[in-house]
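Quick notes on the structure that follows.
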Amino acid sequence: MKEKKSKPQSTSKISKNKRYLILLIFNTFLSLLIYRVPLAYAELTNKTFFAFLVMVLYLALLLGFVLAYLIYNRFLYRKGITYEQLPPEWSAEQKLAFIEDGERRLQRSKWMITIIFPLIFTFLIDAVDLFLIDALFRR
């Protein structure tokens, strides 16, 4: 009898990570596009308040997602914790449940990173444009 070979765990993990990478790249492009188009419109029509509103909206989105990620993951205090670091009066089941809960929360909230990083990158590009490109080339 031949046994069916199962798909290795590492292959599915790699494909899942590729999916997150593609999602991260797509969200970064989309975030930049949605941010820069209204700013370009505001610059062309000389509506600085509109540009300010777009910036505040993006900042609120970034703050909201970062806070949601940190609160859901309990401020990452369970990340990297070992059995030895947990209280000795806890049972092995309690320790295992505590560590698995932290890992499960990190995996379930991984999609938020694909939104947080593009928003941070968008502000980084805006800062480079504002402080370097404007200062050097648009005098």
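The values are calculated or read from the model by the stated rules, or taken from the named source; none is laboratory data. Remember, predicted model here, so these are calculated numbers, not experimental data. Ideal geometry is used to build each Cβ from the backbone, glycine not excepted, and the neighbour counts take in all protein chains shown. Surface accessibility is based on the protein's heavy atoms, side chains included, excluding ligands, DNA and RNA. Shrake-Rupley method; radii C 1.70, N 1.55, O 1.52, S 1.80 Å.
Odds and ends about this structure:
- When the Gaussian network model of the chain links Cα atoms closer than 10 Å, the mean-square fluctuations of 66, 37, 54 top out at 37.
- For the chain, the per residue solvent-accessible surface stands at 78 Å², with DNA, RNA and ligands left out and a 1.4 Å probe.
- Cα centre as origin, Lys/Arg/Asp/Glu Cβ charges: the range 67-139 dipole, Debye: 180 debye
- In percent, rounded to a whole number, the relative contact order of the range 39-139 is 28, using alpha-carbon pairs under 8 Å and six or more apart.
- Cα long-axis angle, helix 48-72 against the chain (0 to 90 degrees, to the nearest 10): 10 degrees
- Mean-square fluctuations from a GNM of the chain, with a 10 angstrom spring cutoff on Cα atoms, peak among 71, 14, 113 at 14.
- Every pair of different Cα atoms in the range 67-123 enters the Kirkwood calculation, which places the hydrodynamic radius at 12.7 Å.
- Against the main long axis of the alpha-carbon atoms of the chain, helix 92-108 sits at an angle near 30°.
- The accessible surface of the chain, taken with every protein chain in place and a 1.4 Å probe, is 69 percent carbon and sulfur.
- Dipole axis of the chain (+1 Lys, Arg; -1 Asp, Glu on Cβ), positive-most option in 11, 23, 51: 11
- Dipole magnitude for the chain: computed about the Cα centre from +1 point charges on Lys and Arg Cβ and -1 point charges on Asp and Glu Cβ, it is near 740 debye.
- Rg and Dmax of the chain, Cα atoms only, in Å: 21.9, 78
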